[in-house]
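Take a look at the structure below.
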Amino acid sequence: MKKMWGLMMSAAVLSVMLAGCGGDKQEAAQGSSQPAPAASGTAINIEASNWKFNQDTFEVKAGEPFTINFKSTEGFHGIGIEGLDVDIQNEGSKTLTVDKPGEYKIFCNVVCGPDHGKMVATLVVK
């Protein structure tokens, strides 16, 4: 009985992990708002697919507001940026200003499958 329970739990966990990236795009988009284009200033458009971002590097100017427009084009993903208050899942936008120049790691913040850990990019603030 214990073996059967363990197998059932393992199968359930695996199903959830695989569904994260390979899910139906329409299902993943339910309840999400479309990214809003930047009203003014700079916009960066980050798109996530299985298991990569559309660019390795995104650049903005220090001290100037910019808008991040994020969209999952394949599967269900999200983004976080180390050291910044950014947490967007599936689709959305966030406007912020970063005063300190440097490089900030962009990462997928939704466990999305076997190559989830490879989903990284860099925000360069000059």
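The values are calculated or read from the model by the stated rules, or taken from the named source; none is laboratory data. Please read all numbers here as calculations on a predicted model, not as lab measurements. Cβ: placed from backbone, ideal geometry, glycine included. Neighbour counts: every protein chain shown. Just so you know, the surface numbers come from the protein's heavy atoms only, side chains and all, with ligands and any DNA or RNA stripped out. Shrake-Rupley method; radii C 1.70, N 1.55, O 1.52, S 1.80 Å.
Across the range 94-121, what is the number of residues that are touching a residue at least 40 places away in the same chain (Cβ under 8 Å) and more than 21 Å from G75 (Cα to Cα)?
Matching residues across the range 94-121 total 1.
This table checks each residue for (1) in a strand (DSSP E or B); (2) at pLDDT 95 or above; (3) within 24 Å of V124 (Cβ to Cβ).
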{"site": "A11", "(1), (2), (3)": "no, no, no"}
{"site": "M17", "(1), (2), (3)": "no, no, no"}
{"site": "G20", "(1), (2), (3)": "no, no, no"}
{"site": "Q26", "(1), (2), (3)": "no, no, no"}
{"site": "Q55", "(1), (2), (3)": "no, yes, yes"}
{"site": "A62", "(1), (2), (3)": "no, yes, yes"}
{"site": "I68", "(1), (2), (3)": "yes, yes, yes"}
{"site": "G83", "(1), (2), (3)": "no, yes, yes"}
{"site": "K94", "(1), (2), (3)": "yes, yes, yes"}
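For the range 70-81, which residues satisfy the criterion of being crowded, with 20+ Cβ neighbours inside 10 Å and assigned to a loop (DSSP other than H, G, I, E, B)? Walk me through how you get there before you give the answer.
So in the range 70-81, the residues crowded, with 20+ Cβ neighbours inside 10 Å come out as 70-72, 75-79, 81.
Selection gives G75, F76, H77.
So which residues in the range 96-109 are open to solvent by 20 Å² or more (accessible area, probe 1.4 Å) and either outside any loop (DSSP other than H, G, I, E, B) or hydrophobic (A, V, I, L, M, F, W, C) (or both)? If you could, list the steps in order and put the result at the bottom.
Step one: list which residues in the range 96-109 are open to solvent by 20 Å² or more (accessible area, probe 1.4 Å), which gives 96-97, 99-105, 107, 109.
Listed by number, the residues that qualify are L96, T97, G102, E103, Y104, K105, F107.
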